[in-house]
Amino acid sequence: MQLPKHVTIIEVGPRDGLQNEKSVIPTEAKIEFIKKLKKAGLQEMELTSFVSPKWVPQMKDAEEIIASCLDDSRNLVLAPNRKGIERLYLTNCKAVAVFVGVSESFNKKNINKTTTESMEELKPLIQELKEKGYFVRACISTSFYCPYEGKMDEEAVLHLCSTFVQYGVDELSVADTIGKANPKEVYSLFSKLKKELPNTLLTAHFHDTHGLALANVLAALIAGIDRFDTSAGGLGGCPFAPGATGNVATEVVVYMIEELGISTGIDLAKLMEAVDVIKPHLTRPIESKYYRLHSPK
């Protein structure tokens, strides 16, 4: 079994992890959470998103978060459409994430557009962003299963990913949005993506709904993937994906990867301190077993 020597963890807790929290978390707590995560060694992070506060009120302080948390690391902001990207242009952030669902039904529920309509809208935006020197990540939702349509066709996922690469994106984050994929499916898809898109950054994004997220991380590792989206404390869930639970916990993934002899550059003790900061503001308990075993609080 050939595994990479180093794995990059992209922390999505401040955005994907917090977006579904029912109580509004104070901006100061989010900022402290982000800064603690950075001190733990996380060099790539989703800070926030430029979405309508009407639909995702947790993200209404996006500009303030960006102004307080930008540094020399890769700080990503989700901007799903022209309105969000125009807000992005008013900040100093130079890395952006766009997204689209493989599933037409999920896409309609999420942003009221079909997948085809979304891609038509995103094509000129991505080209514009690249001309302006931005790093562009494309998040591919429902890459394995959809809460409305069931199992996704693998060829449809490969086609959508290839189209984004043709548009000029730098990275693809391929997501098991509802946490239903199994290791066999994960290995199959990521092996094909590695073969077809060898010059694109490929990132795996797993949710732990059925308890298979860590097994899926290992399957992706074996397929050659060395980048993973994770969320400190296992925070997360999608407001437009019924039944989806939290993202795979950063600390659990880091622990397993380090135990396999692969470096991540992340300090687990400091990571626990970051989770301690945000925990009092959450409406749900921290499910991460590693956190429950090792947190000093």
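What the table below lists for this structure:
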| read-out | value |
| --- | --- |
| Relative contact order of the chain, pairs being alpha-carbon contacts under 8 Å that are 6 or more residues apart, as % | 23 percent |
| Gyration tensor (alpha-carbon) shape descriptor, segment 8-294, a/c threshold 1.5 | rounded |
| Helix-only CD estimate at 222 nm, as mean residue ellipticity for the chain, using -39500 (n - 2.57) per DSSP H run (n ≥ 4) | -12000 deg cm²/dmol |
| Total charge dipole magnitude, segment 126-207, about the Cα centre, Cβ charges on Lys, Arg, Asp, Glu only, Debye to nearest 20 | 200 debye |
| Gaussian network model of the chain, springs between alpha carbon atoms under 10 Å - residue of Ser73, Ser143, Ser118 with greatest fluctuation | Ser73 |
| Residue exposure sequence - Asp276, Asp72 - by fewest surrounding Cβ within 10 Å | Asp72, Asp276 |
| Alpha carbon centroid spacing (whole Å) that separates segment 51-116 from segment 1-44 | 16 Å |
| Inter-site label distance for Trp55 and His294 at 7 Å from Cα along Cβ, in nm | 3.7 nm |
| Members of Lys39/Lys132; Lys30/Lys54; Lys83/Lys108 lying beyond 25 Å, as alpha-carbon distances in this model show | Lys39/Lys132 |
| Sorted by Cβ neighbour density within 10 Å, fewest at the top, the residues Phe144, Phe206 | Phe144, Phe206 |
| Virtual spin-label span in nm between Lys192 and His159, 7 Å along Cα→Cβ | 1.2 nm |
| Integer Hz, Karplus 6.51/-1.76/1.60 couplings in order for segment 197-203, x for Gly and Pro | 10, x, 9, 10, 5, 10, 10 |
| Efficiency of FRET between Leu260 and Lys39 - r from beta-carbon atoms, R0 25 angstrom, step 0.05 | 0.55 |
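Each value in this text was obtained by applying a stated rule to the coordinates, not by laboratory testing. Keep in mind the model is a prediction, meaning the values are calculated, not measured. Don't worry about glycine lacking a Cβ; one is built from the backbone with ideal geometry, like all the others, and counts go over all protein chains shown.
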